[in-house]
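Down below is the structure, laid out as structure tokens.
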Amino acid sequence: MEAVPSGHRVAPRRAAGYEIEDELRAAGAVLIAGVDEVGRGAWAGPVVVCAAVTDLSPPPELLGRGERPVRLTDSKLLARAHRERFAEVLPGWLSCHAIGEAGPGEIDEVGMTEALRRATLRALAALPRRPDVVILDGGHDFLGRPWRVRYEVKADQRSVTVAAASVLAKVRRDGLMAALAPAHPAYGFDVSAGYPSPVHQRALAEHGPTPHHRLSWSYLDDLPQWRHLRKRRDPLAGSGQLSLL
């Protein structure tokens with residue numbers, strides 16, 4: 001699967017472009033970071049965030065079947081082989097990128113919104129320069145001040161920068177979960193990446209959660225034999241207070 005310069009062939013639909021970045025540049029932004037996360041809805045494993053910065057040059061393309069071009073877009077719209085190949089070539093094309101993570105214990109302690117914010121801040125802090133503006137994929141700003149934020153639903157299909165971040169975050173997290181599979185073979189982490197597949201649900205019912213599971217998630221309410229492990233945050237005691245019910 002070969003990477004080729006963009007623009008040599010007719011692009012398929014839903015390929016990401018620089019629509020959002022162009023609007024931000026017209027408003028005065030210079031350094032623009034695209035941010036995307038993977039793992040928010042999983043039952044096990046971390047939430048992984050990538051922050052990516054491009055020089056606004058045409059992104060790499062891949063050659064797919066029949067010499068058809070495969071262009072960068074939302075990682076969920078790409079075949080696994082294409083995601084992995086893009087993850088190999090994107091670091092050499094991007095100006096810079098960085099990864100931030102929050103593990104299941106931290107998610108249980110502070111909740112997903114705060115864990116996602118922390119993982120994003122870690123990714124942004126690891127960039128060599130602070131961006132002028134951050135593009136978030138989604139319908140709300142979970143970063144807040146002092147960050148200048150542009151949030152867009154399906155930004156990973158409209159912004160090359162966010163699309164690159166989505167691919168790198170997805171491949172990174174898939175690799176982390178696959179590495180857990182040999183120690184926990186019944187859960188299918190290498191296939192489901194910690195999401196609630198039938199294999200994963202059967203393993204939970206039979207064996208209970210692993211140390212990599214999020215114990216504040218409501219799936220435990222549906223498993224009577226493991227319900228006692230459910231952790232809940234006390235809303236009167238602050239975001240970090242946990243109780244076992």
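The values are calculated or read from the model by the stated rules, or taken from the named source; none is laboratory data. The structure presented is a predicted model; accordingly, all values stated were derived computationally and were not measured. All Cβ positions, glycine included, derive from the backbone under ideal geometry; neighbour counts span all protein chains shown. Heads up: the accessible areas ignore ligands, DNA and RNA and are worked out on the full protein's heavy atoms, side chains in. Shrake-Rupley method; radii C 1.70, N 1.55, O 1.52, S 1.80 Å.
In table form, for the structure just shown:
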item: Which numbered condition Arg173 misses (of (1) surrounded by fewer than 22 Cβ atoms within 10 Å (Cβ to Cβ); (2) at pLDDT 95 or above; (3) not aliphatic (A, V, I, L, M)); result: (1)
item: Among (1) under 14 Å from the mean Cα position of the chain (by Cα); (2) touching a residue at least 60 places away in the same chain (Cβ under 8 Å), the one test that Phe86 misses; result: (1)
item: Scope the stretch 38-85; condition within 22 Å of His200 (Cα to Cα) and in a strand (DSSP E or B); matching residues; result: Val38, Ala44, Val47, Val48
item: Any hit, the stretch 50-64, residues being more than 15 Å from Ala169 (Cβ to Cβ), without any contact (Cβ under 8 Å) to a residue 12 or more places away in the chain and not acidic (Asp, Glu); result: no
item: Hits in the stretch 118-139 - residues which are open to solvent by 40 Å² or more (accessible area, probe 1.4 Å) and either touching a helix residue (DSSP H, G or I) at 6+ places or on another chain (Cβ under 9 Å) or in contact (Cβ under 8 Å) with a residue 60 or more places away in the chain (or both); result: Arg118, Arg122, Ala126, Arg129, Arg130, Asp132
item: Qualifying positions in the stretch 60-104 - surrounded by fewer than 20 Cβ atoms within 10 Å (Cβ to Cβ), within 30 Å of Lys231 (Cα to Cα) and touching a Lys or Arg at 6+ places or on another chain (Cβ under 9 Å); result: Ile99
